[in-house]
Amino acid sequence: MKKSSVIILSLITLFAAAPGGAIEFFGVQPQGTPSILNYGWNGLTLGLFMGASVGYSSYDRSSNASDILTGAAYGSLVGVASGLILGFDDASKGRKGTGAIILRDMHLGGTLGLVVGSIFGGIRVANGNDWKQLGDGAAWGYLTGTIVGLGIALYEGPILLKNYSSDSRYRFAFLNDSRERPFPALLTTYQF
């Protein structure tokens, strides 16, 4: 576990220190207006798989098959609540933001972790003929992938939102009217 943590942190450090910044590696900010229901649905599916993964690890120790179903049910409820909270937060800002980045990266990390964990589990099955190793590898891979995806989202989110935010500033200035007489005005500038 310690060795894999060092490898993951090394990869994140490599991406962060590379020339060109994180935007070239992680992508761009999600575009469009947020749909709170879409966030809820994404949270539900993410929570379902995370809960099923936790349930499977519990089943692996106790051999009680209802642990998987219970984990999936609780995970779904927590996931939909989390997705709705992230959706309301982004909707209050009027654009997709941190919530969309978190859900996107956790889904991508979880899927990648599921595949890599299944491969490692398959290797362990080939070496020992214990088929529980395949499910165990898939479950732990998915959980690890979602946690890594969350870490990447928390790192990249502020960078992407800073580079694509429209920051408005107000200041007073004197402008000339049609007769070239100065008059006070409130100016606003936007940064894209």
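For residues that are surrounded by fewer than 18 Cβ atoms within 10 Å (Cβ to Cβ) and within 24 Å of the chain's Cα centre (by Cα), scanning just the stretch 121-153, find the one that is nearest to residue 106 (Cα to Cα). Residue satisfying both the conditions and the ranking: 150. How many residues are surrounded by fewer than 22 Cβ atoms within 10 Å (Cβ to Cβ) and in contact with a Pro (Cβ under 8 Å, 6 or more places away or on another chain) when one looks only at the stretch 68-92? Number of matching residues: 1. Between 60, 90, 67, the distinction of being closer than 15 Å to residue 141 by Cβ and among the acidic types (Asp, Glu) belongs to 60 only. Is it true that some residue in the stretch 51-69 is touching a helix residue (DSSP H, G or I) at 6+ places or on another chain (Cβ under 9 Å) and modelled with pLDDT under 55? There is no residue in the stretch 51-69 that is touching a helix residue (DSSP H, G or I) at 6+ places or on another chain (Cβ under 9 Å) and modelled with pLDDT under 55. When the stretch 88-117 is filtered for residues that are modelled with pLDDT under 90, part of a helix (DSSP H, G or I) and more than 13 Å from the chain's Cα centre (by Cα), the ones remaining, listed by number, are 88, 89, 90, 91, 92, 93.
The values are calculated or read from the model by the stated rules, or taken from the named source; none is laboratory data. As the structure is a computational prediction, the values presented were derived from the model and not from experiment. Please note: Cβ atoms are built from the backbone with ideal geometry, for glycine as well, and neighbour counts cover all protein chains shown.
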